[in-house]
Amino acid sequence: MLKTFKEEIRNFIRRSPLSDDSKGVFKRRLEDFLHYLAEIISTPVDKVHLERIYETVNKNGETLFYSGLNVTIVDEYFYSHLYKSYNWLSESKRTLQNFFLYLYRKYDFPILTEEMTFIVDEHKQKPQKTDSIVPTRHDLLKLLQSLMKNSLHLERDALFFTLLISTGSRINEIITIKVKDIDYKHETIFVKKTKNGSSKCIVLREGFGSILKRYIEQNQLNRDDFLLSESGKAISRKEFQELFNYFLQKANLPSFTLHKLRHSFATIMAESGMGILVIQQLLGHKKLDSTSTYIDPNYIRNHGMELQVNKDIYKHIRKTNN
């Protein structure tokens, strides 16, 4: 019977025939993945279990069943660490490959690395390290300005990025929105299942309901259609990340992962005086500690600071929209 992830790491390392140096690398990379899973499911590292990643509960809060680790999470793990070196990505892929092979032989656990869409060799050139950087208001304005100048699908791309920036939602929550999930009147979007295994409502900015309604009517979308689609299929996270990188490059901004927009949202909300408990609910975090890590202290220290270049960009955006 499969044990906790932490115990299985210990067993895997102990039984490995590799050298001590290789064991050290494998242990570090597996612990990196363990802490990532612990964060996204808001569970202590000692309690993470690869067969119990998602919990499905009934209306009384009683557990119905658990779902295990899947390839989507493994892919997202690599996409969220694109700022790391090619060597780190390669080591992590090789480590997980060996670890899943060990679990397959012992428990018939799937070798998820064989199903991945993330291709490590496409990222041999190390991007600029941005793990500690959160895009500022100024960065976001430059991003939107770049989008308006360079997008080939302006309405669709603007919708995706403004939804991310203005709601703080996870990327997959926006990508998988279907028309039937949208409540135009109350300006909310229902998410049946989040990363934490629970449902939630995305709260839209005032007036966004009518914007979505007009977009859906203009594109003749049906109830079961994805809001953001191409040839009837939802657009992948990878495609939007590539678009994001392109717009950032055109704006002469450093490379960020899409996930950093959630950090920007949390920080801007805090800067604007929003209580951390409200921010926690908007982000869909189970633990307050997780929310605290999303708020960049540099923003708070610079609260109230105004830059003339920000005003100039706002003016340009208004002129472009008119």
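Would you mind telling me which residue in 180, 106, 192 has the biggest mean-square fluctuation in a Gaussian network model of the chain, where springs connect alpha carbons within a distance under 10 angstrom? In the Gaussian network model the winner is 106. When peptides 43-56, 69-82, 158-171 are sorted by average Cβ neighbour count within 10 Å, with the highest value leading, the order is 158-171, 69-82, 43-56. Label zone (residue 214, point 7 Å along Cα-to-C-beta; backbone nitrogen cut-off 16 Å) within region 158-173: 158-160, 162-163. In sequence order, region 37-49 has phi-based couplings of 4, 4, 5, 6, 9, 6, 10, x, 4, 5, 9, 5, 10 Hz under the Karplus curve 6.51 cos²θ - 1.76 cosθ + 1.60, θ = phi - 60°, and Gly or Pro positions carry x. Between residue 238 and residue 290, the contour length at 0.36 nm per residue exceeds the alpha carbon distance by 16.2 nm. For the residue pairs 93/260; 59/286; 23/124; 213/287, the C-alpha atoms sit more than 27 angstrom apart in 213/287.
A crude spin-label estimate for the pair residue 58 and residue 3, with each label 7 Å from Cα along the Cβ direction, gives 3.4 nm. For region 246-260, putting each phi into the Karplus relation 6.51 cos²θ - 1.76 cosθ + 1.60 with θ = phi - 60° gives couplings of 5, 5, 5, 4, 5, 8, 6, 10, x, 6, 10, 8, 4, 4, 5 Hz, in residue order, rounded to whole numbers and with x for Gly and Pro. Using only the C-alpha atoms, the convex hull of region 1-82 corresponds to 113 Å³ per residue. Amide H to amide H distances under 5 Å link residue 178 with 227, where only residues 5 or more positions off or on other chains count and H is placed in the peptide plane. Here's how it looks for residue 118: its modeled amide H is under 5 Å from none belonging to a residue 5 or more places away or on a different chain.
Projected over every direction and averaged, the convex hull enclosing the alpha-carbon atoms of region 1-148 yields 12.4 nm².
Semi-axes of the equivalent ellipsoid of the chain are 35, 24, 20 Å, computed as sqrt(5λ) over the eigenvalues of the C-alpha gyration tensor in descending order.
Pairs of Cα atoms nearer than 8 Å and 6+ residues apart set the relative contact order; for the chain it is 16 percent.
Here the gap between residue 107 and residue 13, fully extended at 0.36 nm per residue and compared with their Cα-Cα distance, gives a gain of 32.2 nm. For the pair residue 114 and residue 186, the difference between a 0.36 nm per residue extended length and the Cα-Cα distance amounts to 21.6 nm.
The fraction of accessible area contributed by carbon and sulfur in region 19-97 is 46 percent, rounded to a whole number (1.4 Å probe; ligands and nucleic acids excluded). Taking θ as phi - 60° and the Karplus parameters 6.51, -1.76 and 1.60, the scalar couplings of region 209-216 work out to x, 5, 5, 5, 4, 5, 4, 5 Hz in sequence order, x denoting glycine and proline. For region 1-49, the square roots a ≥ b ≥ c of the C-alpha gyration tensor eigenvalues yield an a/c of 1.5 or more together with a/b not exceeding b/c, which makes the shape oblate. Working from the Cα coordinates of region 67-159, the gyration tensor eigenvalues give, after taking √(5λ), semi-axes of 34, 16, 12 Å in decreasing order.
Label separation (residue 46 vs residue 121): 4.4 nm, computed from points 7 Å beyond Cα along the C-beta direction.
The values are calculated or read from the model by the stated rules, or taken from the named source; none is laboratory data. Since we're looking at a predicted model, the values are computed, not measured. We place every Cβ from the backbone using ideal geometry, glycine too, and count neighbours over all the protein chains shown. What goes into the accessible areas is simple: the full protein's heavy atoms, side chains included, and nothing from ligands, DNA or RNA. Shrake-Rupley method; radii C 1.70, N 1.55, O 1.52, S 1.80 Å.
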